[in-house]
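Below is one structure, written out as structure tokens, with a few remarks after it.
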Amino acid sequence: MGVIVVAGVPAVGKTTVLVKLAKTKTKFKVINVGDEMLALAVERGLLKHRDDLRKQHPSVQEELWRDVVEKIADRAEGTPIIVETYCSVKTPKGYMPGLPQWALKALRPSTIILLEADPDEILVRRVKDTSRLRDLEYVAHIEEHQRMDRVFAMAYATFTGATVKMIMNHDSSVEKAVAELVKTLEGIYV
Amino acid sequence: MGVIVVAGVPAVGKTTVLVKLAKTKTKFKVINVGDEMLALAVERGLLKHRDDLRKQHPSVQEELWRDVVEKIADRAEGTPIIVETYCSVKTPKGYMPGLPQWALKALRPSTIILLEADPDEILVRRVKDTSRLRDLEYVAHIEEHQRMDRVFAMAYATFTGATVKMIMNHDSSVEKAVAELVKTLEGIYV
Amino acid sequence: MGVIVVAGVPAVGKTTVLVKLAKTKTKFKVINVGDEMLALAVERGLLKHRDDLRKQHPSVQEELWRDVVEKIADRAEGTPIIVETYCSVKTPKGYMPGLPQWALKALRPSTIILLEADPDEILVRRVKDTSRLRDLEYVAHIEEHQRMDRVFAMAYATFTGATVKMIMNHDSSVEKAVAELVKTLEGIYV
């Protein structure tokens, strides 16, 4: 079986939900693509802050990304793995697919889980989150980004045969999002 | 030339429209993927009711699906064929692409026809249809499913170069849907 | 690096924007797929008017398209090139992908720029443009076409890793669209 991808726009709550998931009896181990890329970039003396990654030369990013994906694919042999990543990343050149063809071939996801929230909830979370250098965006732009992410997810599914599951992560009900994630993972044959 | 795919969410009226099509002077022969899979599953002693198919272990479904697709691809040699299937199937793990990469490679559709209807028309049809074990859904969920199916269809088109045609199948005008289908098929060089 | 694709529905203003771009200090050279296909078709004695291209037998169109794409891919070696084309083309058989898999493999776009405008602006431009044989469409259909083009663009991005950038080209602000295009191209490492 392939890996499970958990994606969503910045500040949708991926890490919060996955930290809570780790406290359940899940067999899945979470790998955060950003963390892995950061570690590798720091190791190679390339940068200081996680959110600078996006501002690197595309070819540098792609090289890091390729190396990380290969490492993850290796580790996924025999272990149920959740890959925490972006479905698409906003760049000055437009929406960049988080999982282009070659990444999909390496990861072979069996399920892509899209965490979503109301755009205004996401905006407020970004404003409140002072630990990250988040780009602020209008609600309409966050809404567009979420819509684009769904489209990317369907294209990824076509490549891989993966299913696409949308899970809402509202402010008032993180536990509900975690419960739905647990239920989805239980339906996956490991 | 490749096959023609006719897809749409459950109860959109695929079978009704295609039965009426068969009564016209069309050269196209209809193959229903669900029927073929059911026949094969029964032959292999796997299940009793068509709507249980979705509840089978994914690997069983995939094996059946692969065998059926190959059979259809064989039969399509030299005969104009319409494949009646789903663009995507709702599973506990999310939307499952009905025509992932490997299926598209085998079938090489030249046109994908998406039958659509108003979500509330579809809901009423599902409630009325007592011959099938249909899962009931809210109107908003049916709307989402139709939107996702369009996205999947575009991804399928990118893989294959197929065109994507949306045809509305309203309660009051099945004949109109059939006429539009006939016209579309006439535009296809056989 | 691959080529830059600039796409958009008929009368969105692709040519206008690109003619203005050519007057800036851009390094990019624009190639219009329609012009190239027309030249080739005339050379082969196939047709008289550009807008007849769409009405040709699909296999004729595909052959022309393949030859043009190969020519463009050749010319793009070492030169920064913008390819002006359609994301999808409306045909009697439905939406036809402008850049199916094999075209993407040849062109390897690094960025896909989608020019968009309000559907009613596009309608008025089509009505006013007497130099082209444009099919008239309802505003709702133009809106749908633009929505489908976004979906196709994301599928293309998944294939190639290209980014997708939407740029609005309003009646009152062509200069703004050109400026945004210039800025986007500056972000592209040539």
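The values are calculated or read from the model by the stated rules, or taken from the named source; none is laboratory data. Keep in mind the model is a prediction, meaning the values are calculated, not measured. Cβ placement follows ideal geometry from the backbone for every residue including glycine, while neighbour counts extend to all protein chains displayed.
Of all residues in the stretch B:58-72, one or more are in contact with a helix residue (DSSP H, G or I) (Cβ under 6 Å, 6 or more places away or on another chain) and either within 14 Å of chain A (Cβ to nearest Cβ) or within 22 Å of A:Ile188 (Cα to Cα) (or both).
Please verify whether A:Thr85 is under 15 Å from the mean Cα position of the chain (by Cα), closer than 30 Å to B:Thr91 by Cβ and either more than 8 Å from every other protein chain (Cβ to nearest Cβ) or charged (D, E, K, R) (or both), treating the condition exactly as stated. Considered against the rule, which asks whether it is under 15 Å from the mean Cα position of the chain (by Cα), closer than 30 Å to B:Thr91 by Cβ and either more than 8 Å from every other protein chain (Cβ to nearest Cβ) or charged (D, E, K, R) (or both), A:Thr85 comes out as yes.
Let's see how each residue does on (1) assigned to a loop (DSSP other than H, G, I, E, B); (2) under 14 Å from the mean Cα position of the chain (by Cα); (3) more than 13 Å from every other protein chain (Cβ to nearest Cβ):
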residue	(1), (2), (3)
B:Asp74	no, no, yes
B:Thr79	yes, no, yes
B:Tyr95	no, no, no
B:Leu104	no, yes, no
B:Pro109	yes, yes, no
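Would you be able to say whether some residue in the stretch B:124-136 is within 14 Å of chain C (Cβ to nearest Cβ) and either surrounded by fewer than 21 Cβ atoms within 10 Å (Cβ to Cβ) or within 28 Å of C:Phe152 (Cβ to Cβ) (or both)? No, every residue in the stretch B:124-136 fails to be within 14 Å of chain C (Cβ to nearest Cβ) and either surrounded by fewer than 21 Cβ atoms within 10 Å (Cβ to Cβ) or within 28 Å of C:Phe152 (Cβ to Cβ) (or both). Can you tell me which residues in the stretch B:142-179 are surrounded by 14 or more Cβ atoms within 10 Å (Cβ to Cβ) and more than 14 Å from chain C (Cβ to nearest Cβ)? Selection gives B:Ile142, B:Glu143, B:Glu144, B:His145, B:Asn169, B:Val174, B:Ala177, B:Val178.
Being in contact (Cβ under 8 Å) with a residue 40 or more places away in the chain, among the β-branched types (Val, Ile, Thr) and either more than 30 Å from C:Val124 (Cβ to Cβ) or in contact with a Lys or Arg (Cβ under 8 Å, 6 or more places away or on another chain) (or both): is that true of C:Thr79 here? Answer is yes for this residue. Being out of contact with any Gly (no Cβ under 8 Å at 6 or more places or on another chain), in a helix (DSSP H, G or I), among the small types (Gly, Ala, Ser) and touching a residue at least 24 places away in the same chain (Cβ under 8 Å) is a property that C:Ala177 lacks. Residue count for the stretch A:180-190 under the criterion of being surrounded by fewer than 16 Cβ atoms within 10 Å (Cβ to Cβ), in contact (Cβ under 8 Å) with a residue 12 or more places away in the chain and at the interface with another protein chain (Cβ under 8 Å from one of its Cβ atoms): the result is 1. Within the stretch C:56-81, the set of residues being among the small types (Gly, Ala, Ser) and crowded, with 18+ Cβ neighbours inside 10 Å comprises C:Ala73, C:Ala76. Tally up the residues in the stretch B:145-175 that are closer than 17 Å to B:Glu121 by Cα and out of contact with any strand residue (DSSP E or B) (no Cβ under 8 Å at 6 or more places or on another chain), please. Residues in the stretch B:145-175 being closer than 17 Å to B:Glu121 by Cα and out of contact with any strand residue (DSSP E or B) (no Cβ under 8 Å at 6 or more places or on another chain): 7 in total. For the stretch B:7-24, the criterion of being surrounded by 14 or more Cβ atoms within 10 Å (Cβ to Cβ), touching a residue at least 24 places away in the same chain (Cβ under 8 Å) and assigned to a strand (DSSP E or B) is met by at least one residue.
Applying the set (1) touching a Lys or Arg at 6+ places or on another chain (Cβ under 9 Å); (2) at pLDDT below 85; (3) outside any loop (DSSP other than H, G, I, E, B); (4) not small (Gly, Ala, Ser) to A:Glu36 leaves exactly one unmet item: (2).
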